[in-house]
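First the structure, in the form of structure tokens, and then the observations on it.
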Amino acid sequence: MAQPSPSYTVALHLEVPASQKAVTTLVDTASAVGAIVNGVDVADTDGATLIVDLTADTRDSKHRGELVEALQAIDGVIVRNVGDSTFLTHVGGKIEIASKYPIHNRRDLARVYTPGVARVCKAIYDHPERARQLTIKKNTVAVVTDGTAVLGLGDVGPSAAMPVMEGKAVLFKQFGNVDAWPVALNTKDPEAIIAVCKAIAPAYGGINLEDIAAPKCFDIEARLREELDIPVFHDDQHGTAIVTLAALINALKVVDKRIEDVRIVLSGVGAAGSAIAKLLMAHGATDIVGYGRAGALDGAHTDGMNEHRKWLAENTNPRHVTGSLKEGLVGADVLIGVSSGNLLKPADLAVMNEGAIVFAMANPTPEVDPIGAADYAAVVATGRSDFPNQINNVLAFPGLFRGLLDTGITDISVELLRAAATGIAGVIDDEVSPVYIIPGAFDTRVASAVAKAVREFAGN
């Protein structure tokens, strides 16, 4: 059964009798139905009754209903309002713009807007390269999506993808001090997406492609990198690859193995899987076998594959392994999952080599139960925040773009991605353990370390 989570925090506005026992009964009842109470605050009182605000984590919407029903059944308790804290967080959106130079008088107005602004426009017209210094281009990224591959949801369209894009913008700002703005496009046509990105590029210092389905995401990124003079980064591919490599670098230290020697099983050969395979190979991996729904990818059987999956089939699986994912675990050292939940039972991992490493990163449900997996693997990581070793893209993209914007680099090469990954891994170089192979999402050292790695790569 899933555990209560902040994703389903309920905020209840209650009327209860004015007694210590009544308030204690609220907490006891909530706990009895499996909710985790975060706070109980008295908002008002008229002597005989109290108005109480109670917040609690629940498992899902059904569990929230069970909690409300149990509280309503307490003698003297009236549930006045039920609020969903997650939805309240999103009311009106999660980001806003703010002026760096407030206008207090006419002198300010003359500098910020007309007539003074005309001088700056003319300077950029005469020297287009100055736009990077004299406009928001210096520190602003467009987060571009068509909503066709939203994590855990799939093709939900541009409007439904917006909360994710806004969240991405919040993370850019908090962790990298990079200004970012969502650009949700009402088209699935790759050529239209490319055209829009090229048309809006003058306003931005970089483009972060997000939640665009494979295989078109590969072609969109490649075209934009070729045709634009700003960095273009598809986070679902390369952000995931960076943090995966960072985690693997440290996990291999724990089990005292070399990347050149291990057998790696890769579950999921879409955008993330392909990027992970390429980056691990660039870092020295020699034996990777990718598994899709039909089983192992092999260069001898590529009929019907798109060019990206065909490349993966032809450049991995040196032993020409066939069969299912479960069969492929025999003698494997590393399992990396970027596919779907509950593909394996923990006991299926028993056939892996001693000192096995398991990264089950499907969200919200991992490929294998992480708790059970720990009985068979030396190191277990997921993409979730409620288990140790969370492999989270927020460790990569804010610092990466911070470094890109600081240096003016436009070419995001495989070697630059490796530099970012080693920067993340190095943050906890002296602290590594089986349950601590990658820094936490709120480790303030990470973005600076990644930005520094990018600057050093650039020779700055």
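The values are calculated or read from the model by the stated rules, or taken from the named source; none is laboratory data. As the structure is a prediction and not an experimental result, all values here were calculated from the model. Counting neighbours? That spans all protein chains shown, and the Cβs are built from the backbone with ideal geometry, glycine included. The accessibility values were calculated without ligands, DNA or RNA, using every heavy atom of the protein model including side chains. Shrake-Rupley method; radii C 1.70, N 1.55, O 1.52, S 1.80 Å.
Remarks
- Within the range 359-369, considering residues that are under 19 Å from the mean Cα position of the chain (by Cα) and not small (Gly, Ala, Ser), the one surrounded by the fewest Cβ atoms within 10 Å (Cβ to Cβ): 364
- Within the range 95-111, the set of residues being among the hydrophobic types (A, V, I, L, M, F, W, C), loosely packed, with under 10 Cβ neighbours inside 10 Å and part of a helix (DSSP H, G or I) is empty.
- Among the residues listed as 161, 184, the single one being over 17 Å from the mean Cα position of the chain (by Cα) and of a type in the set (A, V, I, L, M, F, W, C): 184
- Residue in the range 340-357 that is nearest to residue 273 (Cα to Cα), counting only those that are within 27 Å of the chain's Cα centre (by Cα) and open to solvent by 50 Å² or more (accessible area, probe 1.4 Å): 340
- Put simply, of 24, 49, 55 the only residue that is among the hydroxyl-bearing types (Ser, Thr, Tyr) and open to solvent by 50 Å² or more (accessible area, probe 1.4 Å) is 24.
- Some residue of the range 93-108 being in contact (Cβ under 8 Å) with a residue 40 or more places away in the chain and more than 21 Å from residue 206 (Cβ to Cβ): yes
- Of the candidates 265, 243, 254, 269, the single residue that is touching a residue at least 12 places away in the same chain (Cβ under 8 Å), more than 18 Å from residue 141 (Cα to Cα), open to solvent by 30 Å² or more (accessible area, probe 1.4 Å) and of a type in the set (Val, Ile, Thr) is 254.
- Hits in the range 371-388 - residues which are modelled with pLDDT of 95 or more and open to solvent by less than 40 Å² (accessible area, probe 1.4 Å): 372, 373, 377, 379, 380, 381, 382
- Some residue of the range 137-148 being surrounded by fewer than 18 Cβ atoms within 10 Å (Cβ to Cβ) and over 22 Å from residue 400 (Cβ atoms): no
- Residue pairs meeting the criteria (Cβ under 8 Å; at least 6 apart or on separate chains; first closer than 12 Å to residue 188 by Cβ, in the range 145-160; second assigned to a strand (DSSP E or B) and modelled with pLDDT of 95 or more): 145/182; 145/183; 145/184; 145/209; 146/184; 147/184; 158/145; 158/184
- When 430, 386 are checked against the criterion of being acidic (Asp, Glu) and free of Cβ contacts under 8 Å to residues at least 12 places away in the same chain, 430 stands alone in meeting it.
- Flag not set for residue 92, criterion: in a loop (DSSP other than H, G, I, E, B), closer than 30 Å to residue 152 by Cβ and touching a His at 6+ places or on another chain (Cβ under 9 Å).
- Residue tally, condition farther than 22 Å from residue 310 by Cβ and either open to solvent by 40 Å² or more (accessible area, probe 1.4 Å) or not acidic (Asp, Glu) (or both), over the range 210-228: 3
- In the range 162-176 there is no residue matching the filter, namely being closer than 25 Å to residue 307 by Cα, aliphatic (A, V, I, L, M) and touching a helix residue (DSSP H, G or I) at 6+ places or on another chain (Cβ under 6 Å).
- Checking each residue in the range 61-89 for being in a loop (DSSP other than H, G, I, E, B) and among the small types (Gly, Ala, Ser) picks out 73, 76.
- Remark: residue 421 matches the filter, which requires a residue to be in contact with a helix residue (DSSP H, G or I) (Cβ under 6 Å, 6 or more places away or on another chain), of a type in the set (Gly, Ala, Ser) and either farther than 30 Å from residue 208 by Cα or outside any loop (DSSP other than H, G, I, E, B) (or both).
- Any hit, the range 127-137, residues being in contact (Cβ under 8 Å) with a residue 24 or more places away in the chain and of a type in the set (D, E, K, R): yes
- Pick from the range 308-339, criterion in contact (Cβ under 8 Å) with a residue 60 or more places away in the chain and over 19 Å from residue 361 (Cβ atoms), ranking: surrounded by the fewest Cβ atoms within 10 Å (Cβ to Cβ): 331
One line per residue, one yes/no per condition, for (1) surrounded by fewer than 17 Cβ atoms within 10 Å (Cβ to Cβ); (2) modelled with pLDDT of 95 or more:
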| residue | (1), (2) |
| --- | --- |
| 404 | no, yes |
| 414 | yes, yes |
| 420 | no, yes |
| 423 | no, yes |
| 429 | yes, no |
| 438 | no, yes |
| 442 | yes, no |
| 445 | yes, yes |
